[in-house]
Each structure stands twice: as structure tokens, then as C-alpha cells.
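Peer 1: I have a structure I would like to understand better, so I am pasting it below and will then ask my questions one at a time.
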Amino acid sequence: MRTQLRSISALTALALGALMLAACHQAKSPDQVAAEVAKAQDKANSEVTGAEQRADKDVANAAGKVGDKLTDLNNDAAGDAYKIAVAKADGDHKIALAQCDGMSGDAQTACRKQADADYDAAKADAKASEQAEKQ
């Protein structure tokens, strides 16, 4: 009797195990499949959207840094162009004054005034150009 009971218990356990295994590999209903596919698609879309948003933010931050560096570069170039223009104006002024020294009296005074006016105008033009180019 005990042997029969053990056999019945073993067969019952085996049958129950077989049913459980069979249930694991059964196809789901089309409605269940559609719902799970939709859920998976929503999750995937959400993950992609999140990744795109993070990428956009990263690109915007990087572009901002590049933009700041480009602005700095342009401002430095404008400042350097101003320095070059002033150096040229200084040289032109010295040359004009040296030429004025070959004159005398009122002609020399007028020449010096014109050289000074040209020098001041050249410096003002250089400053205006610098300001126009700076960002």
C-alpha cells in the first residue's frame, strides 16, 4: 500500500510538473501579445525619447562652450586688429611729423596739426572697427 501511495504521489507530481511545463510554452492570446508588444514599443519609444533629450542637452552644452570660445577668439582678433591699426597710425604719424620738420613757420604748424588730426582720426577709426567686430 505504501508503494502504491508513493507511486500515485510520484505520478501526480510528474503529471503536475508536465502540466506546468506545458503551460510555460503555450502561445498567448493575440490580445495579450498585442498588449505586450504595445507596452514594449511604448517603453522603447520612451527610452529613445529620453536618450534624444539627453543628447540634445549635451550637444547644446557643447555648442555653448564652442560658441563662447568662438566669441572669445573673435574678440581677441578684433583687439589685435585694433592694436595693428594703432601701430600703423603711430608710424604714419611719426613719418608725417618728420616730413613737417622740413617746413618752417606757419606751414610747419599747419602740417603738424594735419598730422595730429590724421592720427586722431586713424585711432578713432581703429576703435570703431574694433567695437563693430567685437561680440
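Peer 1: Considering only segment 91-135, how many residues are among the basic types (Lys, Arg) and either under 50 Å from the mean Cα position of the chain (by Cα) or on the phi > 0 side of the Ramachandran plot (or both)?
Peer 2: 4
Peer 1: Same structure, new question: Only residues in segment 90-110 that are over 15 Å from Asp120 (Cβ atoms) count as the first member; pair them with residues that are of a type in the set (Lys, Arg) and surrounded by 12 or more Cβ atoms within 10 Å (Cβ to Cβ), Cβ under 6 angstrom, at least 6 apart or cross-chain, and list the lot.
Peer 2: So the pair list comes out as Cys100/Arg112.
Peer 1: Does Ala40 fit the bill of being modelled with pLDDT of 85 or more, surrounded by 10 or more Cβ atoms within 10 Å (Cβ to Cβ), more than 20 Å from the chain's Cα centre (by Cα) and closer than 30 Å to Glu133 by Cα?
Peer 2: Details: modelled with pLDDT of 85 or more: yes; surrounded by 10 or more Cβ atoms within 10 Å (Cβ to Cβ): yes; more than 20 Å from the chain's Cα centre (by Cα): yes; closer than 30 Å to Glu133 by Cα: no.
It is false that Ala40 is modelled with pLDDT of 85 or more, surrounded by 10 or more Cβ atoms within 10 Å (Cβ to Cβ), more than 20 Å from the chain's Cα centre (by Cα) and closer than 30 Å to Glu133 by Cα.
Peer 1: While we're looking at this one, here's another question. Cβ-Cβ distance below 9 Å, separation of 6 or more or different chains: which pairs start in segment 124-135 with a residue that is at pLDDT 90 or above and end on one that is of a type in the set (S, T, N, Q) and surrounded by fewer than 13 Cβ atoms within 10 Å (Cβ to Cβ)?
Peer 2: Correct list of pairs: empty, since none qualify.
Condition check ((1) closer than 30 Å to Lys134 by Cα; (2) at pLDDT 90 or above; (3) surrounded by fewer than 12 Cβ atoms within 10 Å (Cβ to Cβ)) across all residues:
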| site | (1), (2), (3) |
| --- | --- |
| Arg2 | no, no, yes |
| Ser7 | no, no, yes |
| Ala15 | no, no, yes |
| Asp56 | yes, no, yes |
| Lys65 | yes, no, yes |
| Ala85 | yes, yes, no |
| Ala110 | no, yes, no |
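The values are calculated or read from the model by the stated rules, or taken from the named source; none is laboratory data. Everything numeric in this text was worked out from a predicted model, so none of it was measured. Please note: Cβ atoms are built from the backbone with ideal geometry, for glycine as well, and neighbour counts cover all protein chains shown.
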